Amino acid sequence: MAKHKNKKIPPATPTGSTNIPEPNLPINSFNFRTHYNWLKTVTFEDFTNNYKDEKVFSETIIKIIHEIIPDLYDNYEDIFNNHRAKKTPLFHSHILTDDALKLAKKIAKLITNTNIDNDLYSWWQIGGKQGIRIVGVYLSDSKVFYPIFIDCYHLLFPNEYYNQTDYNKLGYSIA
């Protein structure tokens, strides 16, 4: 009679669940803090940040959590203090001014239900390749970035070459 070894069987993963890795954030004096419902979607004039469906929304959030936020922690000094974002993975990061700033403040009011206007911070767009941008405010004295909303189609700075899709037809929204 042959000896049988007891096999160790790993516990079953419940149907529909996944193992999501923790983002790897460096320890430094910078902080990414949320205060408002910055994932909320809105439509205002020619701007929208609605999604095609839940899959596109999920892919966007995963990219933000696993790429954009860790890159922001790694490069915050070059972006906010040294204004050398072009030399980082978040090369499309910059201060908002003029029409883009006015539009961002109007969208922020729709999302937060308050006027966010203070001389202690500056308005920023944070982003790298593939169009996803996080719009928020940076407080330089405490090195904190507060996201206000996502500009997933880069509509604060529309471009005829890149923004030809009718984004207002997209109907997946986050309340």
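The values are calculated or read from the model by the stated rules, or taken from the named source; none is laboratory data. Given the structure is predicted, the values throughout are model-derived calculations rather than measurements. All Cβ positions, glycine included, derive from the backbone under ideal geometry; neighbour counts span all protein chains shown.
Among the residues of the range 70-94, just one is β-branched (Val, Ile, Thr) and either farther than 23 Å from Leu39 by Cβ or at pLDDT below 90 (or both), namely Thr88. Could you grab me the full set of residues in the range 94-120 that are among the polar types (S, T, N, Q) and touching an Asp or Glu at 6+ places or on another chain (Cβ under 9 Å)? Those that are among the polar types (S, T, N, Q) and touching an Asp or Glu at 6+ places or on another chain (Cβ under 9 Å): none in the range 94-120.
Taken over the range 77-106, the criterion of being crowded, with 16+ Cβ neighbours inside 10 Å, within 16 Å of Val135 (Cβ to Cβ) and hydroxyl-bearing (Ser, Thr, Tyr) is satisfied by Ser93 alone. Scanning the range 107-122 for residues that are closer than 15 Å to Phe47 by Cβ and either loosely packed, with under 13 Cβ neighbours inside 10 Å or in contact with a strand residue (DSSP E or B) (Cβ under 8 Å, 6 or more places away or on another chain) (or both) returns Ile107, Ala108, Leu110, Ile111. Being at pLDDT below 90 and touching a Ser or Thr at 6+ places or on another chain (Cβ under 6 Å) is the filter here, so list the residues in the range 95-112 that pass it. None; the set is empty.
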